[in-house]
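The values are calculated or read from the model by the stated rules, or taken from the named source; none is laboratory data. Everything quoted here is computed from the prediction, not taken from an experiment. Note that each Cβ is placed from the backbone with ideal geometry, even for glycine, and that neighbours are counted across all protein chains shown.
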Amino acid sequence: MTSSKKKLVREGDSLQKIFEYNTLPIPYYSMNNGHAICSDSLPILKKIKDNSVNLILTSPPFALTRKKEYGNKSAEEYVEWFTTFATEFKRILTENGSFVLDLGSAYLPGFPIKSIYQYELLIHLCNKLNFYLAQDFFHYNPSRLPSPAEWVTVRRIRVKDSVNVVWWLSKNPHPKADNKKILKPYSASMKLLLKNGYKAKLRPSGHDISQNFSKNNNGAIPPNLLELANTESNSQYLRLCKKHGLKPHPARFPKDFATFFINFLTDEDDIVLDPFAGSNTTGYAAEILNRKWLSIEIRKDYLEGSKFRFKDQQDLFASKRSA
Ligand SMILES: C[S@@+](CC[C@H](N)C(=O)[O-])C[C@H]1O[C@@H](n2cnc3c(N)ncnc32)[C@H](O)[C@@H]1O
């Protein structure tokens, strides 16, 4: 083992937990709770131990009509391409682990017709790779711009797309999850009801609302519609990217999106992996929530920018460098 590798192997470190010593990858940068690796994720995934990762949380390149700068696959190729990665995801997830997949939608080139690739992929993952659909989520971004312009703003024959589907998949029907960790503040009317009490009665729908309804559970159970705008226009990440002349990543998910699933599906010290890390939103959320993390991104410029997210965090070797 080289000395740079030896330095990484700390008791409980994410690398030590999921790789054999002789296959340790060299990180691009490291923080207290995790590491970012600059590489195609497939060869790295192949080296990760079986049943070792608690949560895979990712937003892969989508099958878009117009190719984004980082090279998206067409809808037709997509399922086949993704299966090579998903086979490894299934192998490396713990038995009660979760795989959360955020997917944008796509129009067929030249037509006002939507691709059904997200649904084809879901069916393939469940029927062929034997994942379970623990729950479907919908990630609603109210500030999404209208597109494709041809159908939405020029011909005005479609409305704007503002929802990504999110498939929460698992290896068995009972993945680790606790909705008490992601409660929302009560609405004003619920707060009033808790204060004034509730008279048990049968609803017009036939639901029997019992006295338990007025029990204070410290917050409301969230729905599977996640309304999260990407409103980080003032963030340290964007400010520092601009200052250093780096283009921010064009398809980041909001930090609250990552925070929601990490809190819901993992405990402290569990391992969170993002194999298509982009600006490393997942790693950043995991670092703050004290989860061990590993993020893999093929483009160096995206990882270089992602370091700005961690500016206020203590990095793993900071004390050694300044000593
Ligand atoms: C939709 S973006 C992820 C954005 C991320 N969730 C964020 O919040 O910044 C998908 C990323 O996958 C990366 N990517 C594509 N193919 C890859 C591969 N084979 N291995 C690693 N990363 C890859 C792209 O460069 C891109 O940054």
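Here are some notes:
- Every residue from segment 110-157 that is of a type in the set (A, V, I, L, M, F, W, C), over 18 Å from PHE62 (Cβ atoms) and not in a helix (DSSP H, G or I): LEU129, PHE131, LEU133, ALA134, ILE157
- Applying the criterion of being away from the ligand (no atom under 16 Å from the Cβ) and of a type in the set (D, E, K, R) to the residues of segment 240-261, the residue that is nearest to GLN135 (Cα to Cα) is LYS242.
- Tabulated pairs, segment 45-62, first aliphatic (A, V, I, L, M), second modelled with pLDDT under 95 and more than 7 Å from the ligand (Cβ to nearest atom), C-beta under 9 angstrom, 6+ apart or interchain: ILE48/ILE18; ILE48/PHE19; ILE48/THR23; VAL53/LYS17; VAL53/ILE18
- In segment 267-282, residue nearest to the ligand (Cβ to nearest atom) [restricted to those that are modelled with pLDDT of 95 or more and farther than 17 Å from ASP40 by Cα]: THR281
- Residue within segment 287-294 that is over 16 Å from LEU15 (Cβ atoms) and outside any helix (DSSP H, G or I) present: yes
- If you go through segment 248-281 and keep only what is of a type outside the set (A, V, I, L, M) and either part of a helix (DSSP H, G or I) or touching a Cys at 6+ places or on another chain (Cβ under 7 Å) (or both), you end up with PRO248, LYS255, ASP256, PHE257, THR259, PHE260, PHE261, ASN263, PHE264, THR281.
- Qualifying residue in segment 308-322 (condition: touching a strand residue (DSSP E or B) at 6+ places or on another chain (Cβ under 9 Å), at pLDDT 95 or above and among the charged types (D, E, K, R)): no
- Boolean, PHE264 is closer than 19 Å to ILE182 by Cβ, away from the ligand (no atom under 14 Å from the Cβ), surrounded by 18 or more Cβ atoms within 10 Å (Cβ to Cβ) and at pLDDT 90 or above: yes
- Of all the residues in segment 84-103, those that are touching a Leu at 6+ places or on another chain (Cβ under 9 Å), not hydroxyl-bearing (Ser, Thr, Tyr) and not in a helix (DSSP H, G or I) number 7.
- All positions within segment 15-70 that are β-branched (Val, Ile, Thr), modelled with pLDDT under 95 and either within 19 Å of THR266 (Cβ to Cβ) or part of a loop (DSSP other than H, G, I, E, B) (or both): ILE18, ILE26, THR65
- For LYS160, the test of being in the same structural domain as VAL53 (by TED's automatic domain parsing) and either surrounded by 14 or more Cβ atoms within 10 Å (Cβ to Cβ) or in a loop (DSSP other than H, G, I, E, B) (or both) is passed.
- Looking across PRO175, PRO142, PRO185, one residue alone is surrounded by 13 or more Cβ atoms within 10 Å (Cβ to Cβ) and not basic (Lys, Arg). It is PRO175.
- Residue among LEU294, LEU240 that alone is modelled with pLDDT under 95 and more than 19 Å from TRP167 (Cβ to Cβ): LEU240
- Looking only at segment 283-306, and only at residues there that are surrounded by fewer than 19 Cβ atoms within 10 Å (Cβ to Cβ) and more than 13 Å from the ligand (Cβ to nearest atom), the one that is nearest to LYS247 (Cα to Cα): ILE288
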